[in-house]
Structure formats: C-alpha cells, structure tokens
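Everything below concerns the one structure shown next.
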4 protein chains.
Amino acid sequence: MIFASDNWAGAHPKITESLAANAGGYASAYGSSELDNAVQDRFSALFEREVAIFFVATGTAANSLSMALASRPGGVAFAHHEAHMLEDECGAPEYLTGGNRLFRVPGALGRIDPAELERAMARFDPEFVHGGRPTAVSITQATEIGTVYGLDQISAVAAVARRHDVPLHMDGARFANALVALGATPAEMTWKQGVDLISFGGTKNGCWCAEAIVLFDLAKAKELAFIRKRAAQLFSKSRFIAAQFDAYFRDDLWLETARHANAMTARLADRISASRKLRLAWAPQANELFALIDNSVAKELQEKGAVFYPWATPHGFGREIGANEGLYRFVTSFRTTAGEVDRFGELIA
Amino acid sequence: MIFASDNWAGAHPKITESLAANAGGYASAYGSSELDNAVQDRFSALFEREVAIFFVATGTAANSLSMALASRPGGVAFAHHEAHMLEDECGAPEYLTGGNRLFRVPGALGRIDPAELERAMARFDPEFVHGGRPTAVSITQATEIGTVYGLDQISAVAAVARRHDVPLHMDGARFANALVALGATPAEMTWKQGVDLISFGGTKNGCWCAEAIVLFDLAKAKELAFIRKRAAQLFSKSRFIAAQFDAYFRDDLWLETARHANAMTARLADRISASRKLRLAWAPQANELFALIDNSVAKELQEKGAVFYPWATPHGFGREIGANEGLYRFVTSFRTTAGEVDRFGELIA
Amino acid sequence: MIFASDNWAGAHPKITESLAANAGGYASAYGSSELDNAVQDRFSALFEREVAIFFVATGTAANSLSMALASRPGGVAFAHHEAHMLEDECGAPEYLTGGNRLFRVPGALGRIDPAELERAMARFDPEFVHGGRPTAVSITQATEIGTVYGLDQISAVAAVARRHDVPLHMDGARFANALVALGATPAEMTWKQGVDLISFGGTKNGCWCAEAIVLFDLAKAKELAFIRKRAAQLFSKSRFIAAQFDAYFRDDLWLETARHANAMTARLADRISASRKLRLAWAPQANELFALIDNSVAKELQEKGAVFYPWATPHGFGREIGANEGLYRFVTSFRTTAGEVDRFGELIA
Amino acid sequence: MIFASDNWAGAHPKITESLAANAGGYASAYGSSELDNAVQDRFSALFEREVAIFFVATGTAANSLSMALASRPGGVAFAHHEAHMLEDECGAPEYLTGGNRLFRVPGALGRIDPAELERAMARFDPEFVHGGRPTAVSITQATEIGTVYGLDQISAVAAVARRHDVPLHMDGARFANALVALGATPAEMTWKQGVDLISFGGTKNGCWCAEAIVLFDLAKAKELAFIRKRAAQLFSKSRFIAAQFDAYFRDDLWLETARHANAMTARLADRISASRKLRLAWAPQANELFALIDNSVAKELQEKGAVFYPWATPHGFGREIGANEGLYRFVTSFRTTAGEVDRFGELIA
C-alpha cells in the first residue's frame, strides 16, 4: 500500500531490459549516437512534426532550462501558484535563468485561470523597465493536484500568452497520465493548442531517469544546446536515456503504464467514495488523489502499513478543512496493484 | 579499434544487472532509500572516514557544484590550463558559481606546477576588492592528458592551497584509473594529501551515469544539498545511481575495470613505441595515450577502421610538432580488448 | 504644483555647495579619503554605535546588495507585496542575489502583517531542500504608500525574522521622512528594534545621489565590500557621495528637509480633506499622499498644471474605488512650497 | 606631486558649477528630463550619428553591462591580459553576464595583438557546445599602460571581431586622453574603425561621476535599458550626470582637460628622460607614465612627498627589471600643474 509518490516505484522491467540490450559495443557520446537519433525521430513522429529533443537529468532541469531559453533581463514568467516550479524546485528556475522572477497566478483546481493570467500579465508593461516584463507562461499537465487541463483550457491559456507575445511551456512531468486521461494525441495536447515547449517526463511513469525538453521552434535549438551544456545537463553516455525512451515508446508502453496508474487512482477513488472515513478533496483525473482525512484516522492507516503523506495547501482550495482533518495525497504508478488498492479499501471500509 | 573516448563504451554488464536487480518494489526518493544509504556507507568505508556523498548527473556538474560550494563574491578558482573545467565545460563552473572566475595555471604534463600556482595565487590579495580573491584550487586526477599526480605532487599543490586558505578539489573523472596507476588507497590519494572534495566519476569506468561529489567536511554538507537541488541536479529515483555504485564497488569491479583500461593503454603504448610510424607524445600513466602522427598516416589508419581524434594543444607541451604532424588522443576502457589493440598494432607495424 | 515624485526635485543648495567645497585638491579614491572616513564616523555617531557604511549608486542597489549579503542557495526573502523591491526594481534583487526569490507578504496600509509573515515564513522549512529557505525580511520605512511603521510594529516584524534566524532589512529610501514622523532617533528606529541593515537614502530628501547601506554587523563588512565591488557599485571618486552626506547631516539639514516635506504633505491633506472633489485614500504620515479622484476631475487638475500620477494598486487596499475613480499619488519634497500646495488647494476648493 | 591616480583629482570647477546651475526646479526622473535629452543629442552630434546613451555609476558598470548586452550562454569575451576588466573589476563582468568568461589575449604595450586574438578566438568553434563561443572583443583606449591604439590598430582588431561575428567594445575610461593623443574625431576613433559600443568615461577627466555606455546599434537600446535597470544602475536624478556631461562637452572642456593631462605626462617624461635615476619603461602616449626605479630611490622620492605607486606586471613587458628595481606608475590629470611636475623633476635631477 505505497501511495507515497510515483518516484518510489523503481523502473519498469522493459526499461532496464532496454538498458541491458543497449549497453554493449561503442556508440558516440553526447547525444550523437544512432540510438539517440532514432529516439529523436520517434519523438518527431509522436508529435507529428519535427521537434528538437534535449535530454536532461531532472524535471526541475527541464523546467528551469525551458525558462532559461525564454528568459531575458527583467523577465517574469507566470505559473500557477501550486506549480512545482514555485513550490518544489528550491529556486532552480530563478537561479538558472540568472534571476528571472516567477509570478504566482491563481486558478481553481490547480489550473491557471486565464482571466487571472491576463490580469497578472497586464501588470507588466514590456516597455517599462521598472516593473519587469513577461517572458513565459507555464502550465502543468497533469497539474500538481491530479487534475488535467482540457484542450480548450490549454488553448485559452495559450491565447493569453500569445497576446503578450511569450511562449507557453508545459510542465509534463506527468504528460502521459494527462494524455491518456484526455484521450488526445501528443500533438493535440500541445502545439495544436499553442504550446511551444514541453518538459516531457518519463521518470515518474516507469523510467529510471528519462526527462527531455521537447522544443517545437527549431530555430532555438542551438541556443538550448548551449544552455543545457552550460547548466551541466548534457549526459556523456546519452544513449542510456535514449535506451529508456526507446523502450518507453515501443508498443505504447508509456500509454499502458499511464493508463494503469490512472486506473489505480480511479479504483482508489471508488474505494474512498464508498468509505465514511475519508472524503475525496476533489475528483482525480490522472494518477494523484487528494483526500481529507481525520488526522488520527490517517495516523492509524499509516500505522497499518499504508504509505501516504499530508499535502500543504498554502493557497487553499475553496473548501473547508475540519479542525482535526488534514489533506493527504495518494499517488499511484505502473507498479501499483489492484490488490494494494483493495487492501487499502478494506482498511477504510 | 575504437579509441575515441571512454564515454563511447556503454556500461559494464554488472552495472546493468544491478539496475535490473534494484528496479523492483518501492524505495523512497531523492537519496533517502536504503540502497542510497548503503552506498553512502560504502563510500565512507572506502575513504576510511565519514564522507558526505552527492550524486549528480555529469562530471561537469560535480566540478561546477564543487566550485559553487567554495565560491564567494569576487572569487577566483585555480586550475591547470588544460583542465576539463577550462576547456570542455562551456563555462558551467562560471555560470553555476554566479560568475566566479577560473584562472589558468601552467605546469608540465598536465599537472599544476606548485610554484606557478603560488605565483598565480599571490596575485590575488584576499583583502583587496579590485582584483578578486582565491576560493579554490582544482587538480585533475588522472590529468586530461593521461598522466597522474604522484602523492607528493598532490601534497605539494595542497600546501599552496592551504597557505592561501582555500579548499583543494580533485576532478576525479578518471579517479579509478589514477588510483590503480599509483597503487594507492582512496584515502591516500585524497584527504591524506590535503584534498577537500572530489568529483568522483564512475561513468567513464563502466557505469551508465554515476557521478558523485565526495565531501570530507561534513559541516558543509547541508549547504551542498541546497546547491545541488537549486542546480536541478537532485535525482528523484536516486537509487538508479546508487545501484550503479553498488555494483561498481562490489568485488572491486571498479579497480578491475580501471586496471584493464590502463593495461590496454600500456599495451597500445608498447605497440606504438615499436612502430616507426607513430611517436608517443609522452609516457601514458592511465587510460589515455597521446601520439604524434603524420596527418596522412592518421587519416589512413582512420580509414582502415581505427577511431581516434586529434587533440588541440593550445598551450603546447614542450616538444616540436612536425609540419605535417598532428597530436592524437587514444582512450581505452573496460571494453577495449587486447585484440583491438593488437589489430591496431598490426596496422602500424 | 509638482507632486510627481521627490526624485524630480533636483538638489538642495547646501548639497551642491558641499560638492563645490570639496572638489579641490587630491583625495584618495574608492572610499578611503579623509572625508569618506569622517562621514563614516558621522553615521556611527548618528546610530550611536559603530556601523559600516557602503555608498552605492541607487536605492535599488542598496536593497539588492543588502539581499545579496543575506543570500544563500535556495534563499527566499520576504517583503510587503507593495515593496519597491517587488514592484519597481526590474528583478534587480533576484538578479544580484543570483536568483534568490522574493516572497510577497500582505499587510494593511503598506506594512507587513507579522502574523502573515509568520505564516509565509513557516512554509519554508530550512532543512527541506525542495522548498527553499528563508534568508531575510525587508520592511520599507516610510512605506511605499506613505505610511510609517511604529516602533512596536518594527519590533514585531523583527521578532518573526529573529525566530526564523534571518536578518531584518529596512528599505529607508525615505528614512528621514519616517524618522521625523515618529520623532525617534535613528538608533531607536533601527537596531534597537531589531533591524540589521538599512538602505539609507538621501537622494529623495535633497541630495543628488546619496545612497548607503548601513550595516550593524561589522563582521560582515568585508563580505559586503566584495559584493559591492563585484556589482560595479564602488565609486572611484567616492568623496562626491561623502560630500553630499557631509552637508546632509550638518546642522540637521536632513531632518529639516524631511520635516518640511512631511509638513507640505500634511498641508495638502488638509486641503484635500476640506475639498468635496477628492478623498484621502488613507491618512498620510510622511511625504506621500494618496487620494481617490474622479478621473475626469484628475484630468482637469492636470490640465491646470498640477503634476501627479495614478498609482496602481494590484493588491487593493480594503476600500472600494468608484467606477470612474482612480487612485492618485502626490509626493512632496524639500522643494515644495506652501504656495504650490495652496494653489492646488484653490483648484480643488 | 600627486601622481597616484586621476581618480584622486576631485572635479573641475565647471563641472560643479553645472551641478549647481541645474539643481533647481523640477525635472522628470530616470533619464527623461530635457537636460538628459539635450546631452543625448550632444553625444549624437559628437559621434556624427544617432547614438543611444546609458549613464551608469562606474566604469566597471559600463564595461560589465556592455559585456552583458553581448552575452549569451557559454559566451567568451576577449580582452588584453592587462585589461581593467580582467585585473581590477573583482569579476564584475563575469558576475553581471551571468558567468560569461573573459579570455586573456596577449599583445605588446597594452594592445591586443590581432594575430593572437585570431588564434584565441579560433579556439572556440561557435557550433561546439563544449568549449564555449565568442561573444565580444574589448579593447582599452587609452590602454591600461598609457599607450594608445592607432586607428589602423583598432581597425585590425575590429576585423578579427567581425570575422567571428561579435561586437567590438571599447573601454574608454580615458577616451578623451586617447582622442587628443591621436588628434582624431570621436567617430574616427570608434565606429568608423568598427567599434560597436563604448564605455565612455568622464570621471577620470574632470567629472565627479560621469560614465556612459555609447551604443551605435539602436536596435539593441531597449535591451540595454532593461539590463541597466536590472543591474541597479539607473539613476533616479539622472540629470546630475547629464549636468556634468553638459559642462564636460561645452566649449570642448573635455578636450582641454585631456590635453592638459597628456601634456603634464609628456613634461614628466621629459624630466625622467633627463634623469639618471629613473628610466621610462616605455613611451607614454596619454596621461599615464611608467618608470623603472630603484626601489630605494622610489622610497626616498615618496618620503619627499611624491605620491605614486608600484605597478604589478604579471605578464611582463619584454624588458628586464633589475633586482632592486620596480615598475611604478605616474598618472596626471586636469589638476596636475607644471609646478608639480617640475618639483618632481628637481627631485630626480
């Protein structure tokens, strides 16, 4: 009953098999091997247009270097106030952009409210040196709280970004989970709605370490190559990432693992809905679920072997939390079994 | 006959096996798993004292974040003018220190000359704001050109660093190759001579991606933890690095692969010494060999299937290069076979 | 009827006279002249303890370098959401700290609410690398909206900063205006309440360009010297700043100009209170006044020669603004005459 | 007999008079006043084309922000190994470019050798991410050691910069001294030879604090406006700089003070040439002179009231220095009198 994080789940056997299968022989370094090129082509095929791919070490790196590509003196990027960039990255985006600012935009259920975004961006006149100027907008898909932007919601945010002439970035640490939740294609969920670059995460969905920036504007690829190397994020044995993505996309493994993780969260939601001890905080759409639980009940469940953690809600979420109640997060992954969920279901029945 | 780089060699089977063996189940993320802790202990045992270990994505990251830990406003770090930090890292150390400077120190055969270091450091009065002030000294072991600092040579550099009250860093991208060349223990080659922190590389010696900063001053560990996270270098599924180091150290695999790589270079040196077509540029001590070759001969060898590259020598090396001659680098690894070397030997006989 | 800004007012005759009086002969550069030393002593006398003084070019520099002194990897500084650092400095504090973050704290009437500050700071566990960690708290005295922290209010904010073990910075761009408003001594308004360093501004109060960081912790003076030089803020002919401060403090000129400016704002407030056309937004305490004015009335006044500007209130201020109404700022200075105010009073009568 | 530095000389009476004359009334802030605009036009007239002018606080700021405008990830700027940016700015250029590197280029008598520059720049392939890529070349005019680039020498350096597609910056801390030495016009000494932007210094030549970046490429002016503000270098009462430049250019005051300073150095050179106690290190061309003096003689002269300092020569200058001899610098300024020089001449006769 491990619902702590999708980062706890190790790697899918097919991922490690691929590493073993590609470990032999010699291959040129720094992303220039045949396998690297093949994976680059695979990404282009998936996105239905030529893309530039940059492997990096972490989701934080993908986010921060995306912001660095967009950065300029006095720059301000806009993200939801629950965004990973704002809450969990130790200031890496600010540091790696040389001090650009992140501006917090509110919005219900983890999604940027386009009207709030417009209001926030309108504060920064791009001709007025005192206040700073907009450089980027970033959305998280799936969001930090397990919801998903609909295609029209992405498009609405993109329209605001475009109006202010800045790129739209998607933090896709859980890209696959959102994709299968929407039943959309990668192209539909991204550039067809106005997304300009993506932090494309494979780690949480079954890889060991497979994060890439997907860039649609090829004219900026050279700049990003320098940005990545300068940030010490260019792997020498790059094929070890390529080998993971190769297996990840083969036979739609990535969609399968994401569907499974989402299904396990849905199953967990059913069990919680059926229980009187816990309340769903809101409806989950991907592989994260948030529940309101009496703190003593939570402790008891944890003592009985369920692993899950409280979730800070500095911004609230439009609903009262009882005096002895806490908000808790549950995350499922490719590894979660129906049995795990059902055992938890029995505990809370 | 691939002598291009030890980065071309993929991973040793035991490394990928260890990844497979540790991929299952759940383990806590961000370096807090049991396996992470066990590897941390293994490092402490190896170094014969408690050390703090920080996995990072690349050797450039290990070097740059080591410099960042030592950095301060107006800071200047000192490295050999052939150092990887100066020649091959795209300014990452300057960027990740927020603009500290690297100062080039000369010295024969890839090693910092302690007298030159003293002269260079003496230029910077730590009380004089205009010139900047020393923050660190960095040596590369084995050096960029395949030589190795003797223990007394490390100690001599350390004495200068200590006199100027700054830490001594060792870029150990090829730590194991140097270690077996010297027949020393990790402790003897580092802190016993005055080394304060190490970029400890496993990647070139048979891992996929296994780089760590080894820090002896535990009082600075918390600071480095923030520095690493802020630089987007904290892996979520950290056990995938730990699993590599676990196999790397088990049964002295790392020493075995390093000994093999060094032996292959020695074998290559013998073949070259016996040839009239090539000249050793200097005696190799680890797993890199540099040879002077008539450029047309080099081209012919490459056409016959030998893979090796020219090496720029912006600083010269105290020996004339003929008009049609070039300096070329040959690197061996755990994967190099005696057969490969011997085939090359036949080509040049 | 120029109420645009205290930055419009040129310099007090005694300031330029002092420049002329000190322009002759030779004096050592970079802050080491006799006059520099005398002014340093004068600051120490004013603050009733030895202080270290660092002249810089702008208030933004004083704020940003104060933050840089407090900065550390993953650092977060806390300021009121109307603070100059957050609204008017183009990201200089983030840039000059190498990417530390500024966190917006609310509070009525331009002052940080200590309870809100505690809540904001409590979000950042200094041991948890993901979220970042507190490095400083900054208050603005007088505030951006013309109010003044009472001594006990400073002390209450200082208590929160101290509890989180970070320094308290005071942005004193209008230090003198606040000081005479409170009738306090410099010591009482600063270190006696727990302030650790000050951006001490003379420019708005009659100097040409006279900004200094006043540092109480002398152990940090050397570090700040490097921080200042590295930021290109060390004047060569430093005595041109010293000469201004020399005149500024002589015969309490600075208190006189501040009292005059405040008195002119009070006179303006009286006139506005007596008018039916304008409403005071809140009671002014120093030399800035904010009024709610029907936009067409404002335009008419401006056409008749009154110079004043609208003020953006992104955070609101707990009071409704009418549909056709705007919030406008009026600033008085040493140069403002009673005649100017009275002429404006006649316009609005 | 003060030959310590032109920074010791205070301000010319006409500069302080101009400050007094422009201190009254109100004028809009941050560079938008009528006087600011008039001075901007004056610069354009001087340079015979429209230029963009950015006042900054120090020469170090002018240099560093010029580099920041040219900077890009992995960037390397090239300057003479005696350049102020490399020897006297505490790493400000690296810091304010976010970590771009300065590369030392040798050359006789303080001037970059174009062939050495070509060799240095050729090391950096702009397509190769590992090594970094060229971003700018900077020359110092007059040089740090009192020599002056001839127009053809500037043009030769510019050709190399242009070949590598990077801008040429001129550090003109002593612009006027070089200009009158060459008898050239500002246009001839700059853009007509290929200079793209200038650190234009007035401080050393009679102002209090008057430094400006002169930018010929107007398309980059907006970017530089943000760069300056973000670096806390935008003065609020900007007219205090404008007033200095207004007087500086009026009736060619700046040429007059520069000619005087140069003439005093020439007079000093004559006296030294006539002496047996000192030797000119090389022929001075502007307002700095370097002499080889027996250290005991130097001490004696200093004790008799001559103020001058030793000069470090880390790079040597192609001439032997005797065992007891030192290299000393003498600087003259608008304030230096023939009497001072002659008194010194008597001391050394």
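Odds and ends about this structure:
- Condition met for A:Arg250 (modelled with pLDDT of 95 or more and open to solvent by 30 Å² or more (accessible area, probe 1.4 Å)): yes
- Checking C:Ala20 against (1) surrounded by 22 or more Cβ atoms within 10 Å (Cβ to Cβ); (2) at the interface with chain D (Cβ under 8 Å from one of its Cβ atoms); (3) in contact with a Leu (Cβ under 9 Å, 6 or more places away or on another chain), the condition it does not meet: (1)
- Screening A:His315 on (1) closer than 28 Å to A:Arg174 by Cα; (2) more than 14 Å from chain C (Cβ to nearest Cβ); (3) touching a residue at least 40 places away in the same chain (Cβ under 8 Å); (4) open to solvent by 10 Å² or more (accessible area, probe 1.4 Å) shows it passes everything except condition (2).
- Pick from the stretch D:90-111, criterion of a type in the set (A, V, I, L, M), more than 9 Å from every other protein chain (Cβ to nearest Cβ) and open to solvent by 10 Å² or more (accessible area, probe 1.4 Å), ranking: nearest to D:Ala142 (Cα to Cα): D:Leu109
- Any hit, the stretch D:180-188, residues being within 17 Å of the chain's Cα centre (by Cα) and within 21 Å of D:Arg119 (Cα to Cα): no
- Condition broken by C:Thr140, with the remaining ones in (1) crowded, with 19+ Cβ neighbours inside 10 Å; (2) within 12 Å of chain A (Cβ to nearest Cβ); (3) more than 21 Å from A:Gly98 (Cβ to Cβ) satisfied: (2)
- Residue in the stretch B:14-25 that is in contact with a strand residue (DSSP E or B) (Cβ under 9 Å, 6 or more places away or on another chain) and farther than 29 Å from A:Ala20 by Cα present: no
- Failed item, numbered, when B:Arg276 is tested on (1) open to solvent by less than 50 Å² (accessible area, probe 1.4 Å); (2) modelled with pLDDT under 95; (3) of a type in the set (Lys, Arg): (1)
- Qualifying residue in the stretch C:321-329 (condition: within 19 Å of the chain's Cα centre (by Cα), touching a residue at least 12 places away in the same chain (Cβ under 8 Å) and either surrounded by fewer than 18 Cβ atoms within 10 Å (Cβ to Cβ) or in a helix (DSSP H, G or I) (or both)): no
- Residue count for the stretch C:219-252, restricted to those that are within 11 Å of another protein chain (Cβ to nearest Cβ), under 15 Å from C:Val51 (Cβ atoms) and among the hydrophobic types (A, V, I, L, M, F, W, C): 2
- Among the residues of the stretch D:65-89, just one is open to solvent by 10 Å² or more (accessible area, probe 1.4 Å), free of Cβ contacts under 8 Å to residues at least 60 places away in the same chain and closer than 17 Å to B:Thr97 by Cβ, namely D:Pro73.
- Every listed requirement among (1) surrounded by fewer than 24 Cβ atoms within 10 Å (Cβ to Cβ); (2) within 30 Å of C:Gly99 (Cα to Cα); (3) among the aromatic types (Phe, Trp, Tyr) is met by A:Phe54 save one, (1).
- Yes/no for B:Asn7 being at the interface with another protein chain (Cβ under 10 Å from one of its Cβ atoms), in contact with a strand residue (DSSP E or B) (Cβ under 9 Å, 6 or more places away or on another chain) and within 30 Å of B:Thr337 (Cα to Cα): yes
- C:Ser275 meets each of the listed conditions (1) of a type in the set (S, T, N, Q); (2) within 21 Å of C:Asn7 (Cα to Cα); (3) out of contact with any Leu (no Cβ under 8 Å at 6 or more places or on another chain) apart from (2).
- A count restricted to the stretch A:279-312 and to residues that are open to solvent by 60 Å² or more (accessible area, probe 1.4 Å), at pLDDT 95 or above and small (Gly, Ala, Ser) stands at 2.
- Any hit, the stretch A:114-130, residues being within 14 Å of another protein chain (Cβ to nearest Cβ), free of Cβ contacts under 8 Å to residues at least 12 places away in the same chain and either basic (Lys, Arg) or buried (at least 22 other Cβ atoms within 10 Å of the Cβ) (or both): yes
- D:Phe43 passes every criterion in (1) out of contact with any strand residue (DSSP E or B) (no Cβ under 6 Å at 6 or more places or on another chain); (2) more than 14 Å from chain C (Cβ to nearest Cβ); (3) farther than 30 Å from A:Leu96 by Cβ apart from (1).
- Residue check, B:Asn287 more than 12 Å from chain A (Cβ to nearest Cβ), within 21 Å of the chain's Cα centre (by Cα) and farther than 30 Å from A:Gly206 by Cβ: yes
- Of the numbered criteria (1) away from every other protein chain (no Cβ under 14 Å); (2) in contact with a helix residue (DSSP H, G or I) (Cβ under 6 Å, 6 or more places away or on another chain); (3) outside any helix (DSSP H, G or I); (4) not basic (Lys, Arg), the one D:Leu255 fails is (3).
- In the set (1) among the small types (Gly, Ala, Ser); (2) more than 13 Å from chain B (Cβ to nearest Cβ); (3) within 27 Å of A:Arg228 (Cα to Cα), D:Ala62 fails one condition alone, (3).
The values are calculated or read from the model by the stated rules, or taken from the named source; none is laboratory data. Just so you know, these numbers come straight off a predicted model, no measurement behind them. All Cβ positions, glycine included, derive from the backbone under ideal geometry; neighbour counts span all protein chains shown. When the accessible area is computed, the model is the full protein with side chains, heavy atoms only, and any ligands, DNA or RNA have been set aside. Shrake-Rupley method; radii C 1.70, N 1.55, O 1.52, S 1.80 Å.
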